[in-house]
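One structure below.
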């Protein structure tokens, strides 16, 4: 996809981090303590807001102000070059763009059609490799976390996983290792750049991915994850690669299909919908990506 006045406090209570504009600018390294004093003097002399004074002094930009305002309202996003995530994570870098508005529209539909019905898990599946399902899902997980939902993105593509690379996770154990009983929930990585997003990578690539996803241990793990998160999104292997997506869909109960404009065959979509229905999964909807 081109496809983010201090009150008196009793001694028994510890003060939290400063969430004022000035405090956030200091904490993020946008201004130094020395420059903050200059800003405060101008703020007092001219009777303007801290951010306005800092901008007049040329210490920060309008983009800096927008970013700290977003953090004040628990809607964090990133500036280009601020993290190692790919620029295609538009939900992280361009949260007010037309593309991300479309992602929010998808999120709203999913909340109404699926999650509001008491569901917590959803698999996202593309027809063919390269259809953009993984990148779409990464962006979707970010916008769910920006809503304040405790969100877990699980890379259940045990053939060609991508989420570890997208979120710049260190090489580590993941889903397959948990299913094999060789790792615990401490394998899940909290993505600090966002308020409520965690990612569980695929882990060690097994020789039998379809069988791993069909094990009863996966059902047990899925139930545990649902108990700990508001939204659990699964990245599935492309449908054309085998039966992994069907096994995953049977566990989650719901599927969102991803098709690529001018690449995905409509007949393949219909065939996939039929097989998903036979597996007992509900096709919640479909999205068309273009890149």
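Worth a mention:
- Boolean, residue 152 is within 10 Å of the chain's Cα centre (by Cα), assigned by TED's automatic domain parsing to the domain that holds residue 238, within 20 Å of residue 240 (Cα to Cα) and modelled with pLDDT of 95 or more: no
- Within the set 60, 9, the sole residue that is outside the structural domain of residue 136 (by TED's automatic domain parsing), modelled with pLDDT under 85, farther than 30 Å from residue 233 by Cα and crowded, with 16+ Cβ neighbours inside 10 Å turns out to be 60.
- Taking first residues from the stretch 276-291 that are farther than 15 Å from residue 248 by Cβ and partners that are modelled with pLDDT under 90 and in a loop (DSSP other than H, G, I, E, B), the Cβ contacts under 7 Å between residues at least 6 apart in sequence or on separate chains come to 289/1; 289/3; 291/1; 291/2; 291/3.
- Matching helices (runs of 4 or more DSSP H) fully within the stretch 89-164 where at least 2 residues are in contact with a strand residue (DSSP E or B) (Cβ under 9 Å, 6 or more places away or on another chain) and under 27 Å from residue 208 (Cβ atoms): 133-146
- Reported count of residues in the stretch 231-276, each being part of a loop (DSSP other than H, G, I, E, B) and in contact with a helix residue (DSSP H, G or I) (Cβ under 8 Å, 6 or more places away or on another chain), is 5.
- Among the candidates 37, 82, 52, the residue that is at pLDDT below 70, out of contact with any strand residue (DSSP E or B) (no Cβ under 6 Å at 6 or more places or on another chain) and either in a loop (DSSP other than H, G, I, E, B) or not assigned by TED's automatic domain parsing to the domain that holds residue 95 (or both) is uniquely 82.
- Of all residues making up the stretch 213-228, the number that are under 15 Å from residue 247 (Cβ atoms) and touching a helix residue (DSSP H, G or I) at 6+ places or on another chain (Cβ under 8 Å): 8
The values are calculated or read from the model by the stated rules, or taken from the named source; none is laboratory data. All values reported here derive from a predicted model rather than from experimental measurement. Cβ: placed from backbone, ideal geometry, glycine included. Neighbour counts: every protein chain shown.
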